[in-house]
Amino acid sequence: MAKFISILAKSISTMFDFIEFSFLDFLDIVLVATLLYYIYKLLKGTVAINIVIGIALIFLSWRITLALRMEMLSGILGKLLSGGVIALIIVFQQEIRKFLLMIGSTNFSTKKSFLKQLKFLQTEIASEIDTDTLINASKNLSKTKTGALIVIERTNSLDFLINSGDVMNALMNEAILQSIFYKNSPLHDGATIIRDNFIVATRVVLPVSSSEKIPARFGLRHRAAIGVSEKTDAVCLLVSEETGEVSYIKDGEFELFKDYNELNQKMKKDLS
């Protein structure tokens, strides 16, 4: 029996002789797994996560067929992966733009600023945004058809936009938000940026989206909200001056909701 087990073990060992495994291989696997984990955290909750999972499965299949020397199948999967680089750039155009924008706007001379850019590596965002205050203020502005555009910062720094407006450092509450957008207020024009429950800037000039998919009935305020959410991962609350309708915009698109309770849940999920 012992001899049989010895022969079986030797046979199994011979079968896997072609696989050479060292400490560097282990380190490589750990680093790749860590990278994939943080990419998953960054893309979790977006449509892009399904694409990433699909690519990962194709890549895993390719490596397995390569290791098993299944030349025809591994060749097909290899060509599919190598030819898919251009497709990936097209599919992830918005994400790549956001990432490069984040890197380009990072102040590497300040450690705190640099670490803030990498906030998505943390388990949770340190400060939970008070969505109740934001929604209540939007509801009140909606009743009087007072136009408003509130931009809530997430992981991408909006410092490059803050400098275009009036810098503030006021703790967010309903009264301040409503007074900012009051039509006779000198601060009502432009967008207001929220960071960690603080109003950090007003009268901010936002990049305007040039997308042809935006219906003509939407004005400059809507295009600005879509524009900033295309270029960063910020989310926007918008109140129409014409209709009083409240809109929620994320990733360059309108997020539909049935009522304010559903909107609150969406915002809590996106900002947590």
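The values are calculated or read from the model by the stated rules, or taken from the named source; none is laboratory data. In this text the structure is predicted, and so the values were computed from the model without any measurement. Backbone-built Cβ (ideal geometry, glycine too); neighbour counts: all protein chains shown.
Output the residue which, of all residues in the stretch 211-240 that are over 20 Å from the mean Cα position of the chain (by Cα) and not in a loop (DSSP other than H, G, I, E, B), is surrounded by the most Cβ atoms within 10 Å (Cβ to Cβ). Once the filter is applied, the top-ranked residue is Val239. What are the residue pairs meeting all of these: first residue in the stretch 136-151, first residue in a strand (DSSP E or B), second residue among the acidic types (Asp, Glu), Cβ atoms under 9 Å, and 6 or more apart or on different chains? From the stretch 136-151, the pairs are Ala148/Glu241. Could you tell me how many of the residues in the stretch 170-180 are among the hydrophobic types (A, V, I, L, M, F, W, C) and over 16 Å from Ile152 (Cα atoms)? Qualifying residue count for the region: 1. Tell me, please, whether a residue that is at pLDDT 70 or above and not hydrophobic (A, V, I, L, M, F, W, C) can be found in the stretch 90-107. Scanning the stretch 90-107, I find no residue that is at pLDDT 70 or above and not hydrophobic (A, V, I, L, M, F, W, C), so the answer is no. What number of residues in the stretch 242-253 are surrounded by 17 or more Cβ atoms within 10 Å (Cβ to Cβ) and touching a strand residue (DSSP E or B) at 6+ places or on another chain (Cβ under 9 Å)? Number satisfying all stated conditions: 6.
Does Asn156 meet the test of being in the same structural domain as Glu245 (by TED's automatic domain parsing) and either surrounded by fewer than 16 Cβ atoms within 10 Å (Cβ to Cβ) or of a type in the set (Val, Ile, Thr) (or both)? Criteria not met by Asn156. When Ser22 is tested against (1) under 25 Å from the mean Cα position of the chain (by Cα); (2) modelled with pLDDT of 75 or more; (3) farther than 20 Å from Gly78 by Cα, just one condition goes unmet, and that condition is (1).
So which residues in the stretch 255-272 are without any contact (Cβ under 8 Å) to a residue 12 or more places away in the chain and either surrounded by fewer than 16 Cβ atoms within 10 Å (Cβ to Cβ) or in a strand (DSSP E or B) (or both), if there are any at all? If the condition is that a residue be without any contact (Cβ under 8 Å) to a residue 12 or more places away in the chain and either surrounded by fewer than 16 Cβ atoms within 10 Å (Cβ to Cβ) or in a strand (DSSP E or B) (or both), then Leu256, Lys258, Asp259, Asn261, Glu262, Gln265 are the ones that fit. Of all the listed residues (Ile193, Ile199, Ile176), the sole one being in the same structural domain as Ile152 (by TED's automatic domain parsing) and not in a strand (DSSP E or B) is Ile176. Looking across Lys183, Lys143, Lys139, one residue alone is modelled with pLDDT of 90 or more and farther than 17 Å from Met267 by Cβ. It is Lys143. Scanning the stretch 237-250 for residues that are touching a residue at least 24 places away in the same chain (Cβ under 8 Å) and under 17 Å from Gln265 (Cβ atoms) yields a count of 4.
Using beta carbons and a limit of 8 Å, which pairs, at least six apart or on different chains, have the first residue in the stretch 34-63 and outside the structural domain of Phe254 (by TED's automatic domain parsing) and farther than 17 Å from Ser82 by Cβ and the second one modelled with pLDDT of 75 or more and not aromatic (Phe, Trp, Tyr)? Short answer, once both residue conditions are applied: Leu36/Ala56; Leu42/Thr155; Gly45/Lys269; Gly45/Asp270; Thr46/Asp251. Figure legend. Inter-residue proximity from the stretch 170-185: first residues surrounded by fewer than 17 Cβ atoms within 10 Å (Cβ to Cβ), second residues of a type in the set (Val, Ile, Thr) and not in a helix (DSSP H, G or I), beta-carbon distance below 6 Å, spacing 6+ or different chains. Indicated pairs: Ala170/Ile199. One residue alone among Val208, Val167 is free of Cβ contacts under 8 Å to residues at least 60 places away in the same chain, in the same structural domain as Lys231 (by TED's automatic domain parsing) and part of a strand (DSSP E or B), and that residue is Val167. When Ser240, Ser229, Ser211 are screened for being closer than 18 Å to Leu141 by Cβ and among the polar types (S, T, N, Q), only Ser240 passes.
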